[in-house]
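Structure, as C-alpha cells:
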Amino acid sequence: MKPNDLTRREFLAAASASSLAAVASTSLPAYADITRRAGKLAILGGEPIRKNKGWPDWPYVDDRIVDAVVKTTKSGIWCRIQSATGTVPTFEKEFAKLMGSKFCVATGSGTQALHTCVEALGISAGDEVITSPYTDPGTIASILSARALPVLADLDPASYQLDPADVERRITENTRAIMPVHMMGQAADLERIMAIARRHKLSVIEDAAQAHLAEYQGKKLGTIAPLGCFSFQSSKTIAAGEGGAILGDDEELMDKCYTVHNHGTSRRGRTEVIGPKYRMNEFEAAVLLAQLAGAQERFRRRNENAAHLTARLRGCPGVAPQKLYPGTTSGSFYLYAMSYRKEQFNGVDRARFLKAVASEGVSLSPYIERGLHREPWVDHIVQTKAYQKTFSARRLQQFREEMQCPNCDRVCAEMAMIWASGPLLGTQADMDDIADAILKVYENRDKLAAI
Ligand SMILES: *Cc1c(COP(=O)(O)O)cnc(C)c1O
C-alpha cells in the first residue's frame, strides 16, 4: 500500500512510528511530502512553509508593452477620434475577435462600460435593475448613475453568485434588466438567469469585469447576454491601469453604446442622446493591445495552477473551493476563492486562521467585508429627491426593508481568497506552498486557540 492510500490519520501514525524521511524519499510527488506540514506552526515559532519567496508581479509588464506606449507617445495620436486606425479602434477589433463577439466599444473603466449599457438600453429613473450585493461598487454605481434602482438579490453561498430563485422573487413591474456578476471570474448561473430574463422579458447585462477569457457552455463569459462588460483596472487579469470594454453582437445596440459613451454623439457626427464622455484613450489601448497575445497563455497557466490547487485542497474539510456551475470549462482566476469552514477548525474564527496561514508565508484575504446591501448608499438614495420623485414612498420603504441578503453575509464571513492575477502565474511548487500552508494550519487546528 502506498502512503497516499492511507487516511491522513493512519498515515501520520505510521509516519511517526517509522521514519518520515523514508516515506518522503519514495516516488511520491512533492506535495505528498507531509513532513512539510508536520512541523510546528510558524505562528508558534516553527519553520514557515514559504520563506523569502515572492510571487509573479502584477500588473504584467514586458518590453512589447513599454515599446507600444513609447510608439503611441511619439505618434501624437493620443485620442481615438484622431485616427480610425489608432490603438483604440484596433484594440476593439482584436478584443472582439479574441472573445468571439461581433462588436466592441472600449471605455475608460468597467463601471463606465456598465453605465453605458444601462443608458443604451434606455433604463432610467423609475426603472429597476436586479444585481448582486457581492461585487465591486462599480456594478451598482452604473445603475445609480442612471438614477435607476439597484435591487440586490441574495447569493448561492457555495458559488458566491446570484441565486436565480431570489432574482426571480425580486422582479417587480418596474424591473427592466438583470445584471449578473461573474464573481471571481467564474460563471454565474447564467442558464437559469437567461431563462428568467426571457420569461419576464428583461434585458441582461453581464458584468464580466473579472471574467476575461473564461468559458461557460462553449462560450466566453461576457458574450452570452446581448451585452457584456469588462474592466482593465490594474488588478484584473488583463490590465491597463484603468479601462473597460463592452461586447455585443447586435449592431444597432452596440452603435447606441458608442453614441452614449461619446457624450451622446453618434458615429454620424450628430449629438443625439444623453451621454457622458467615457472614451478609452490611446495609451490604455496600446498597453492592452501589446498584452493580448500573451494573455491566453497566462490564462492557461492560471487555469492549470488553479486545477492543481483545487485538487490539493479537495480532501480538506476545513476549506471549500468555490462551487462551479455545470458548463464551466475555465475561469479567469482573477481571484482564487474558498470558504473557511469554522466548524471544521474547532470553532476557531477566520481571523486567526488567516493569521496562522500568513505566518506560513501565504497571504489569504477576506475580500469584501460587507455586502453592498449593508453600505450607506441604501439609506442615501431613499432620502434623495430623484428617487423620491420617481418611486412611490411605499416602494422605497419596501426596497429598504427587503435589503437583506443573509447568504451574502455568510459568504463575507467565510471568504478566504488569493489575489490571483499574478500569484497563479507561479510554478506548481508555488501552488503547493499555498496548499501546504492551509493544510498545515488545518492539521494543527487544535493549537489555534493558543494564538
Ligand atoms: C472591477 C469591477 C468592476 C468595475 O470596474 P472598474 O474598471 O474598476 O470601473 C465592476 N464589477 C466587477 C465585478 C469588478 O470586479
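The values are calculated or read from the model by the stated rules, or taken from the named source; none is laboratory data. Remember, it's a predicted structure, so these values are computed and weren't measured experimentally. Positions of Cβ are backbone-derived with ideal geometry, glycine not excepted, and every protein chain shown enters the neighbour counts.
Couple of notes before you dig in:
Let's see how each residue does on (1) part of a helix (DSSP H, G or I); (2) of a type in the set (D, E, K, R); (3) outside the structural domain of Gly422 (by TED's automatic domain parsing); (4) surrounded by fewer than 16 Cβ atoms within 10 Å (Cβ to Cβ):
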{"residue": "Glu284", "(1), (2), (3), (4)": "yes, yes, yes, no"}
{"residue": "Phe299", "(1), (2), (3), (4)": "yes, no, no, no"}
{"residue": "Ala307", "(1), (2), (3), (4)": "yes, no, no, yes"}
{"residue": "Gly315", "(1), (2), (3), (4)": "no, no, no, yes"}
{"residue": "Tyr325", "(1), (2), (3), (4)": "no, no, no, no"}
{"residue": "Ser332", "(1), (2), (3), (4)": "no, no, no, no"}
{"residue": "Met338", "(1), (2), (3), (4)": "no, no, no, no"}
{"residue": "Gly347", "(1), (2), (3), (4)": "no, no, no, yes"}
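Okay, residues lined up against (1) in contact with a strand residue (DSSP E or B) (Cβ under 6 Å, 6 or more places away or on another chain); (2) not in a helix (DSSP H, G or I):
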| residue | (1), (2) |
| --- | --- |
| Asp409 | no, no |
| Ala413 | no, no |
| Met417 | yes, yes |
| Ser421 | no, yes |
| Met431 | no, no |
| Lys440 | no, no |
| Lys447 | no, no |
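- Of the criteria (1) out of contact with any Pro (no Cβ under 9 Å at 6 or more places or on another chain); (2) of a type in the set (Gly, Ala, Ser); (3) crowded, with 22+ Cβ neighbours inside 10 Å, which one Ala358 fails: (3)
- Scanning the range 237-257 for residues that are buried (at least 24 other Cβ atoms within 10 Å of the Cβ) and either within 11 Å of the ligand (Cβ to nearest atom) or outside the structural domain of Thr131 (by TED's automatic domain parsing) (or both) returns Thr237, Ala240, Gly243, Gly244, Ala245.
Conditions (1) under 17 Å from Lys236 (Cβ atoms); (2) surrounded by fewer than 19 Cβ atoms within 10 Å (Cβ to Cβ); (3) in contact with a Lys or Arg (Cβ under 9 Å, 6 or more places away or on another chain); (4) not assigned by TED's automatic domain parsing to the domain that holds Ala245, marked per residue:
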| residue | (1), (2), (3), (4) |
| --- | --- |
| Gly54 | no, yes, no, yes |
| Thr72 | no, no, no, no |
| Ala84 | no, yes, no, no |
| Ser109 | yes, no, no, no |
| Cys117 | no, no, no, no |
| Ile130 | no, no, yes, no |
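- Checking each residue in the range 142-192 for being hydrophobic (A, V, I, L, M, F, W, C), part of a loop (DSSP other than H, G, I, E, B) and in contact with a strand residue (DSSP E or B) (Cβ under 8 Å, 6 or more places away or on another chain) picks out Ala148, Ala153, Ala158, Ile171, Ala187, Ala188.
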